[in-house]
Amino acid sequence: MSQTEDLHKRLQELRETINTLSYQYYTLDKPTMSDYEYDMMYRELENIEKEHPEWITPDSPTQRVGSKISGGFAKYTHDRPMLSMGDVFNDQELREFDQRVRDDLGGEDLEYVVELKIDGLAVNLIYEQGQFIRGVTRGDGVTGEDVTNNVRTIRTIPLRIDSDSPHMEIRGEVYMPIPAFEQLNSQRRDDELEPFANPRNAAAGSLRQLDPQITAQRKLAFFAYAIGGTVGIDIPSQEALLQDLKAFHFQVNPEYRKFTNIEDVITFIHSWDDRRDTLGYATDGMVVKVNSFAQQARLGNTVKIPRWAIAYKFPPEQAKT
Ligand SMILES: NC(=O)c1cc2c(N)ncc(C(N)=O)c2s1
């Protein structure tokens, strides 16, 4: 093999290895290499790419932080609308949701998957042949803002996934972990800037920066939880989808559970009443979904919201005295 071919092979090894190390460090929170070794590999990759810019690919870890854009964000229409969700605020309304679902399904057996509702901002990630192509805010559910360069800086979002689907839309929530939020606000107070009111506003403000260098410093993260218009893969249920998203190396919130009746759903929801503030990220409720995608399709959606899911909203947290 020629020296150039050797060098190109080394670049490809470094790119794969560093992406895997980032996944273990940021998504699994299980670093497998010292920072020094990581930095040496990263610098070697940067040096080879400087010598051969023609070898740079969008999924290279050096491509996470792009350049500032001018003139605001382009608009992008989602292939499949990002629906909002009906809200309920008490147990009785959860039981009424369950009754409606069972009536519409003619009394057949069903399962619910219950997930934490992350208090961030919903984004749509588009992958083509496994390559991260575009990140779009939810916007009005039909059209959002193209914030690709900023989404690219989020370390828990893989730049490449192991799928040859020509088009895949992964949906989830960009959020700011509480420690990052508190550190950011402390810095803003030192700089005599207005602190962010809550982690959701901080995440939204950070994702809508025109300069990705600033977004990259805000320590945003992403929980994947849904799939949009997708070509070529057939997933039977929400539980299977969450397992697939995890296999694609997305961060999937681990606090989801599956139940066959609404009383167990209610018990699980209330098990969070006094321990939400131990999570390290902001939540504003729980999402209850019919697990089977076939049953979801039969239940369908109204214009704005699914008939197969409901969001239980936690009561506002008591102001800390
Ligand atoms: N509006 C929506 O459809 C959703 C919003 C959210 C949210 N903020 N966090 C988690 C989930 C989830 N796990 O499904 C959903 S679904």
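Read-outs throughout are calculated quantities, based only on the coordinates presented, and are distinct from any laboratory measurement. What you are looking at is a predicted structure, and each value in this text was computed from that prediction instead of being measured. Positions of Cβ are generated from backbone atoms using ideal geometry, with glycine treated the same way; all protein chains shown enter the neighbour counts.
What order do you get for 244, 35 when you list them from fewest to most C-beta neighbours inside 10 Å?
Lowest to highest Cβ neighbour count: 35, 244.
Given H placed on each backbone N at 1.01 Å, which residues far from residue 132 in sequence or on other chains put an amide H within less than 5 Å of it?
160, 161
At 7 Å along the Cα-to-beta-carbon direction for both residue 233 and residue 131, put a label point, then send me their distance in nm to one decimal.
Calculated label separation equals 1.8 nm.
Could you list, in their original order, any pairs among 30/258; 258/313; 75/304 whose Cα atoms are separated by more than 23 Å?
From the list (30/258; 258/313; 75/304), the Cα-Cα distance tops 23 Å for 30/258.
Pick out which of 258, 304, 289 has the largest mean-square fluctuation in a Gaussian network model of the chain, springs linking Cα atoms closer than 10 Å.
Largest GNM mean-square fluctuation: 304.
May I ask you to list the lysines whose Cα is less than 16 Å away from that of residue 50, ignoring any residue fewer than eight positions away on the same chain?
9
How do 25, 175 rank when sorted from fewest to most other Cβ atoms within 10 Å of their own Cβ?
Placing the least packed residue first, the sequence is 25, 175.
Expected output is a single nm value to one decimal: the length gained when fully extending between residue 10 and residue 39, i.e. 0.36 nm times separation in residues minus the C-alpha distance. What is it? Please report the intermediate quantities before stating the final value.
Working: separation 29, 0.36 × 29 = 10.44 nm, distance 1.59 nm.
Going from the current span to full extension adds 8.8 nm.
For the chain, set up a GNM with springs between Cα atoms under 10 Å and report which of 300, 120, 66 has the largest fluctuation.
Of the options given, 300 has the highest mean-square fluctuation.
Using helices alone, what [θ] at 222 nm do you get for the chain, with -39,500 (n - 2.57) per DSSP H run of 4 or more residues, divided over all residues and rounded to the nearest 500? If you can, show how the numbers build up before the last one.
Details: 10 runs with 108 residues, N = 321.
Theoretical 222 nm ellipticity from helices: -10000 deg cm²/dmol.
Determine, for 10, 171, the number of other Cβ atoms within 10 Å of each Cβ, and report the residues in order from fewest to most.
Ascending number of Cβ neighbours within 10 Å: 10, 171.
Please list log₁₀ I(q)/I(0) at q = 0.12, 0.17, 0.18 Å⁻¹ for segment 93-221, using the Debye equation with identical point scatterers on the alpha-carbon positions.
Taking Cα atoms of segment 93-221 as identical point scatterers yields -0.60, -0.92, -0.98.
Give, as a single signed number, the net charge of other residues whose beta carbon lies under 15 Å from the beta carbon of residue 263, with Lys and Arg counted +1 and Asp and Glu -1.
Numbers: positive: 95, 102, 257, 258; negative: 91, 93, 96, 98, 111, 264.
Charge balance near residue 263 sits at -2.
Semi-axes of the equivalent ellipsoid for segment 269-316, please: Cα gyration tensor eigenvalues, times 5, square-rooted, ordered largest first, whole Å.
Equivalent ellipsoid semi-axes, largest first: 27, 11, 8 Å.
Could you give me D for the chain, from Stokes-Einstein at 25 °C and 0.890 mPa s, where the hydrodynamic radius is the Kirkwood radius over C-alpha pairs? Units µm² s⁻¹, please. Show your work: numbers first, answer last.
Values: Rh = 21.3 Å.
Once the numbers are plugged in, D ends up at 115 µm²/s.
How high is the FRET efficiency between residue 190 and residue 26 when r is their beta carbon distance and R₀ equals 25 Å, given to the nearest 0.05?
0.40
Quote to one decimal, in nm, the extra length available between residue 68 and residue 1 on full extension: 0.36 nm per residue of separation minus the C-alpha distance between them.
20.1 nm
Once the Cα gyration tensor of segment 213-321 is diagonalised, what are the square roots of 5 times its eigenvalues, in whole Å and ordered largest first, as equivalent ellipsoid semi-axes?
26, 22, 14
Would you mind checking the tilt of helix 3-22 against the longest principal axis of the Cα atoms of the chain, expressed as 0 to 90 degrees and rounded to 10?
30
Among 125, 105, 299, which one shows the biggest mean-square fluctuation in a GNM of the chain, springs joining Cα atoms closer than 10 Å?
With Cα springs under 10 Å in the chain, the top fluctuation among 125, 105, 299 is at 105.
Say R0 is 22 Å: what FRET efficiency, to the nearest 0.05, do residue 80 and residue 55 get from their beta-carbon distance?
0.05
Once R0 is set to 25 Å, what does the formula 1/(1 + (r/R0)^6) return for the Cβ-Cβ distance between residue 93 and residue 276, expressed as a FRET efficiency to the nearest 0.05?
0.80
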